Amino acid sequence: FGVDEEGGKVARVADALKLDKTVPMGEIGAAGDTQAACDAYQNIGGYLSSYGFNVDFAPVADVLTNVDNTVIGNRAFSSDAGVAAQMVSSAVTGLQETGVSACLKHFPGHGDTAGDSHTGAAQTDRTKEEMEAAEFLPFQSGIEAGADMIMVGHITAPNLTDGDSLPASISEKIITGVLRNELGYQGIIITDAMNMGAITEYYKSDVAAIMALKAGADMVLMPENFEEAYQGVLDAVVDGTVSEERINDSLRRIYRVKLRSRVL
């Protein structure tokens, strides 16, 4: 049972229930106090858990490398990758101590993108070397802190994919090649919401869901047409387009977290 609860302007539960909101993470990052990041997410996790949530699609692990990027803005801890990495690690620890799974987002990094994936295509032209030195650092620190989940964004990153234009959320080169094989992440990988324009303008719900699973994603979040996506995946397994072993790999990862969190 998951929700976007980052603090600041993205606080679905706090807004709906008129709770005291946590300050934007950019303010905490600017202060340089990692304990404050831990405390903020312990507070968030505390009230989420009390209302029955067990997944928070947070913290934002993006590095704000483009100050004109208003989609991320002060949702990110910092424009300094080292600061962001320290803050993300503390946030994951604080949140997961409450029994709520953390979900780092938006891999491979939304902080430099031109465009808003909510409404259409979003692209980063950063080189792989640049991303390894900046964008990837908070994700690596979050992985080391034990983050249960990582959300892959609908971000086109041609320098990670030999020039192809597939969004990261349906790209095997990014999900399996970079996140699994190069960064070594073995937890749950979930797509960003598949009802966003970056997906719906170019792919049907069933096609996008199948591509995400084939690319290595474990969970497909919020297809525009759920029934179409669901039936498409079932048919793809039956006809061998998606192997049963590919599905079982994802189920193993999901059940490990469910068993540990006692939500089966």
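Quick note: the coordinates plus some simple rules give every number you see, no bench work behind them. Since we're looking at a predicted model, the values are computed, not measured. Cβ atoms come from the backbone with ideal geometry, glycine included; neighbour counts cover every protein chain shown.
For Thr156, nonlocal amide neighbours, meaning residues 5 or more places apart or on other chains whose placed amide H falls under 5 Å from its own, are Ala122, Gln123, Thr124, Ala168.
Ordered by the count of other Cβ atoms within 10 Å of each Cβ, fewest first, Phe57, Phe1 give Phe1, Phe57. Taken about its Cα centre, the stretch 1-159 carries a charge dipole of roughly 360 debye when the Cβ of each Lys and Arg holds +1 and the Cβ of each Asp and Glu holds -1.
3J(HN,Hα) along the stretch 29-45, derived from phi through the Karplus expression 6.51 cos²θ - 1.76 cosθ + 1.60 where θ = phi - 60°, amounts to x, 5, 6, x, 9, 5, 5, 5, 5, 4, 5, 4, 7, 5, 5, 4, x Hz, with x in place of Gly and Pro. Residues whose amide H falls under 5 Å from that of Met151, counting only those 5 or more places apart or on a different chain, are Leu104, Lys105, Phe107, Ile190, with hydrogens built in the peptide plane.
Shape class for the stretch 126-202, computed from the alpha carbon gyration tensor (a ≥ b ≥ c): oblate, with a/c not under 1.5 and a/b at or below b/c.
State whether the stretch 1-56 is rounded, prolate or oblate according to the following rule on the C-alpha gyration tensor (a ≥ b ≥ c being the square roots of its eigenvalues): a/c under 1.5 gives rounded; otherwise a/b larger than b/c gives prolate, and the remaining case gives oblate. Since a/c reaches 1.5 and a/b is larger than b/c, the shape of the stretch 1-56 is classed as prolate. Across the chain, the volume of the C-alpha convex hull divided among the residues equals 117 Å³ per residue.
For the stretch 177-183, the Karplus equation 6.51 cos²θ - 1.76 cosθ + 1.60, evaluated at θ = phi - 60°, returns couplings of x, 8, 5, 6, 7, 8, 8 Hz by residue, with Gly and Pro reported as x.
Listed values for the stretch 232-246 are Karplus-derived 3J(HN,Hα) couplings in whole Hz (6.51 cos²θ - 1.76 cosθ + 1.60, θ = phi - 60°), namely x, 5, 4, 5, 5, 6, 4, 8, x, 4, 10, 6, 4, 5, 4, and x replaces Gly and Pro.
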